[in-house]
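Encoded as structure tokens, the structure appears first; notes follow it.
The values are calculated or read from the model by the stated rules, or taken from the named source; none is laboratory data. Small disclaimer: the values here were computed from a predicted structure and weren't measured. Counting neighbours? That spans all protein chains shown, and the Cβs are built from the backbone with ideal geometry, glycine included.
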Amino acid sequence: MAAATDRTTGRRLPWARTVFWLYIVTLMLPLLWMFGMSIRPNEDILGSFSLIPQRVTFDNYVTFFTDSSWYSSYLNSIIYTSLNAVMSLIVALPAAYAFSRFRFAGDKHLFFWLLTNRMAPPAVFLLPFFQIYQSVGLFDTHLGVAIAHMLFNVPLAVWILEGFMSGIPREIDETAAIDGYSLPRFFVRIFLPMIRSAIGVTLFFCFMFSWVELLIARTITSVDAKPIAATMTRTVSAAGVDWALLATAGVLTIVPGAIVIWFVRNYIAKGFTMGRV
Amino acid sequence: MRLARAARRKGPGVSEESAPRAGGEVAVAEAPAEDERRPVLKRKDNRAWWLVLPVVVSVAFTAVIPLMTVVNFSVQDVFGPNDRVFVGLEWFRSVARDPEVRAALVRTLLFSAQVLLLEIPLGVALAVCMPRRGVQVSVALVLVALPLLIPWNVVGTIWQIFARGDIGLGGWTINNVLGVNFNYTLDSTDAWITVLVMDVWHWTPLVALLAYAGLRSIPEPYFQAAQIDGASAWSTFRHIQLPRLRGVLTIAILLRFMDSFMIYTEPFVVTGGGPGNATSFLSILLSKIAVGQFDLGPAGAFSLLYFLIVQILCYVFFTVLTRSGR
């Protein structure tokens, strides 16, 4: 495609690359600023404005990884996010297949209804969530948060997967059926490998939306499954905000996501949009 | 949707008819007729409900039960756990008439409109400019995606500091280098701009990633054809790339609309809805009523109306985007 554009236009806008990297630099500025804050002592942050840290210290990172309330909530977030991504995917796969392959009573309404669940305003749902998860014993468990986050991740996963699957010809299914494959066996042995990239992309999006969500996760947890983002609100104390520690936690919350996207980058770059998506 | 319609027109015998074809993709290229443009034709089978069942159950548990609770709140005046009065649609009426709610609705609509107008073109432009070969691709993708992976309250925190006039790089630069007086905690325009810029910073990458993926899926022959016709860069974009992006842009627009219309955490952290009511969006007002004042009745009615507005608007977007331009 790159070659195509080059050849097509003959003059693939020479400034395009420059504009892009300039944008990246702008994009990075707030992040670099946060990183800068995480490696200087609090007095220096609040004392005066300086572009380059006067004194560099990694104390905040040491604090983060030695204080169990910090690193355990970090682990909590990773656990429920991964759990959610896997569960959303498992639930969404057959549904997406159904939507892409069959017409059934109420299919279109069901599809749109699924999407509408992404639109529920969270503020008022918090209280019912709290009550329900407490009454079924899922309060303050990783599983509980993972299930709660399926609210917005399952519809999204179905949506993305359906688009990919619709791009794969039906003839494949039929040929497999003639060859004697049962539907489950065909699905696992042939179909899933074909939509590998879709699965990668879906996992990324589920991970991302679950990782960044705070309101619901905070409401239905207290200690054992407390998300890192909720622990971060703790840095506000009588002595003011511990900006440096807050920035440190902020920097570290980016790391898991960055690792995930590193693994799925090729899927995004290649066949992300085989189907309608 | 389009698919289903095509299949319906052809009737149930459709799969047998299409079976001898070499493959869906080929059929698309050779026979661009309306009915055969899509590679997959669907068969009617109500047993497919079994495949959808897990999704329905999980979403019912996470969405329907809480929703019913909210409906329950919205028609009652709750004084205590066992002390409540049925008030019918009273809360809906009072919420719909509340000038504060109306002002917040206008504000939120304006915000969503600005977000879409800025982020969609910017995202597409970025995607077009993004490198397509070598290590640069990986680096670019990871860097572009970074803002998406930051928890929303952290995004708020980052901008809360970054935009501060005294110790933040962004605010400091505007004040001291550009010489404009900028203070988002006091000036409502500055607060609005801060929240808007934050959202553009935060979410344009999503549009860019989707658009980039869409661009990558355009087959080579399209460009060769354009080259033969001597198309300019702009007309290649306008007539080849943009139409092929409609699918991903539908998703991008819908996602961005939903999320910007419901934006809560980031402006709450940065401005808390202020100064005054300048950045008090619907969700911030709602949580003030629900969590701050604990007025569950009005809050329930409010969120149902809110939910309804989002759904109607999304339905309109969805319909327009999936039906038009064919």
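Would you point out the residue of the range B:156-166, among those that are more than 8 Å from every other protein chain (Cβ to nearest Cβ) and under 29 Å from the mean Cα position of the chain (by Cα), that is surrounded by the fewest Cβ atoms within 10 Å (Cβ to Cβ)?
Per the criteria, the residue is B:ARG164.
Please name all residue pairs, on different chains or six or more residues apart, with Cβ atoms under 9 Å, provided the first residue is in the range B:152-166 and is basic (Lys, Arg) and the second residue is in a helix (DSSP H, G or I).
That search, which allows pairs on different chains as well, returns B:ARG164/B:GLY170; B:ARG164/B:GLY171; B:ARG164/B:TRP172.
Based on what the data block shows, is A:GLY144 of a type in the set (Gly, Ala, Ser), over 27 Å from B:LEU210 (Cα atoms) and buried (at least 22 other Cβ atoms within 10 Å of the Cβ)?
yes
Can you name the residue in the range B:167-191 that is in contact (Cβ under 8 Å) with a residue 60 or more places away in the chain and among the small types (Gly, Ala, Ser) and is also farthest from the other protein chains (Cβ to nearest Cβ) among such residues?
Here the answer is B:SER188.
Could you tell me which residue of the range B:192-218 is farthest from the other protein chains (Cβ to nearest Cβ), considering only residues that are among the polar types (S, T, N, Q) and part of a helix (DSSP H, G or I)?
B:THR194
Mind telling me which of the residues B:GLN227, B:GLN241 ends up being in contact with a Leu (Cβ under 7 Å, 6 or more places away or on another chain) and either at the interface with chain A (Cβ under 9 Å from one of its Cβ atoms) or closer than 28 Å to A:LEU161 by Cβ (or both)?
B:GLN241
Please report, ordered by residue number, the helices (runs of 4 or more DSSP H) entirely within the range A:163-243 with at least 1 residues that are crowded, with 23+ Cβ neighbours inside 10 Å and of a type in the set (Ser, Thr, Tyr).
In the range A:163-243, A:196-212 are the helices (runs of 4 or more DSSP H) which contain 1 or more residues that are crowded, with 23+ Cβ neighbours inside 10 Å and of a type in the set (Ser, Thr, Tyr).
It is to be established whether one or more residues within the range B:240-251 are modelled with pLDDT under 85, of a type in the set (A, V, I, L, M, F, W, C) and farther than 27 Å from B:LEU313 by Cα.
Checked the range B:240-251: at least one residue is modelled with pLDDT under 85, of a type in the set (A, V, I, L, M, F, W, C) and farther than 27 Å from B:LEU313 by Cα.
Select from the range A:75-109 the residues that are more than 16 Å from the chain's Cα centre (by Cα) and farther than 19 Å from B:SER58 by Cα and write down the one among them that is surrounded by the fewest Cβ atoms within 10 Å (Cβ to Cβ).
The qualifying residue surrounded by the fewest Cβ atoms within 10 Å (Cβ to Cβ) is A:ALA105.
Quick one: in the range B:262-276, of everything that is more than 10 Å from chain A (Cβ to nearest Cβ) and touching a residue at least 40 places away in the same chain (Cβ under 8 Å), which residue is surrounded by the fewest Cβ atoms within 10 Å (Cβ to Cβ)?
B:GLY276
Identify the single condition in (1) of a type outside the set (S, T, N, Q); (2) facing chain B (nearest Cβ under 7 Å); (3) surrounded by fewer than 20 Cβ atoms within 10 Å (Cβ to Cβ); (4) in contact (Cβ under 8 Å) with a residue 24 or more places away in the chain that A:PRO128 does not satisfy, given that it satisfies every other one.
(4)
Of these, A:ARG170, A:ARG118, which one is at the interface with chain B (Cβ under 8 Å from one of its Cβ atoms) and touching a residue at least 40 places away in the same chain (Cβ under 8 Å)?
From the options A:ARG170, A:ARG118, the qualifying one is A:ARG170.
Inspect the range B:137-146 for any residue being crowded, with 19+ Cβ neighbours inside 10 Å and more than 12 Å from chain A (Cβ to nearest Cβ) and give the result as yes or no.
Within the range B:137-146, not a single residue is crowded, with 19+ Cβ neighbours inside 10 Å and more than 12 Å from chain A (Cβ to nearest Cβ).
Criterion first (modelled with pLDDT under 85, small (Gly, Ala, Ser) and within 25 Å of B:GLU266 (Cβ to Cβ)) does A:ALA123 satisfy it?
Here the answer is yes, as A:ALA123 does meet what is asked.
Evaluate the range B:110-125: report whether one residue or more is more than 19 Å from B:MET258 (Cα to Cα) and either basic (Lys, Arg) or away from chain A (no Cβ under 14 Å) (or both).
The answer is no; no qualifying residue exists.
Quick one: A:VAL223 ticks every box in (1) over 19 Å from the mean Cα position of the chain (by Cα); (2) more than 9 Å from chain B (Cβ to nearest Cβ); (3) at pLDDT 85 or above bar one, so which box is it?
Status for A:VAL223: all satisfied but (3).
Could you pull out the residue among B:GLU34, B:GLU90, B:GLU100 that is exposed (fewer than 14 other Cβ atoms within 10 Å of the Cβ), under 20 Å from B:LEU286 (Cβ atoms) and either at pLDDT 70 or above or within 30 Å of the chain's Cα centre (by Cα) (or both)?
Going through B:GLU34, B:GLU90, B:GLU100 in turn, the sole match is B:GLU100.
If we only count helices (runs of 4 or more DSSP H) wholly inside the range A:1-96, which ones have 1 or more residues that are at pLDDT below 90 and facing chain B (nearest Cβ under 7 Å)? Give the derivation first.
On the way: elements: A:2-9, A:15-38, A:42-47, A:59-66.
Because the criterion is at least 1 residues that are at pLDDT below 90 and facing chain B (nearest Cβ under 7 Å), the helices (runs of 4 or more DSSP H) in the range A:1-96 that meet it are A:2-9, A:15-38, A:42-47.
Conditions tested, residue by residue: (1) closer than 21 Å to B:CYS129 by Cα; (2) within 21 Å of the chain's Cα centre (by Cα).
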site: B:LEU215; (1), (2): yes, yes
site: B:LEU242; (1), (2): yes, yes
site: B:LEU249; (1), (2): yes, yes
site: B:ALA252; (1), (2): yes, yes
site: B:VAL269; (1), (2): no, yes
site: B:LEU285; (1), (2): no, yes
site: B:GLY297; (1), (2): no, no
site: B:ILE309; (1), (2): no, yes
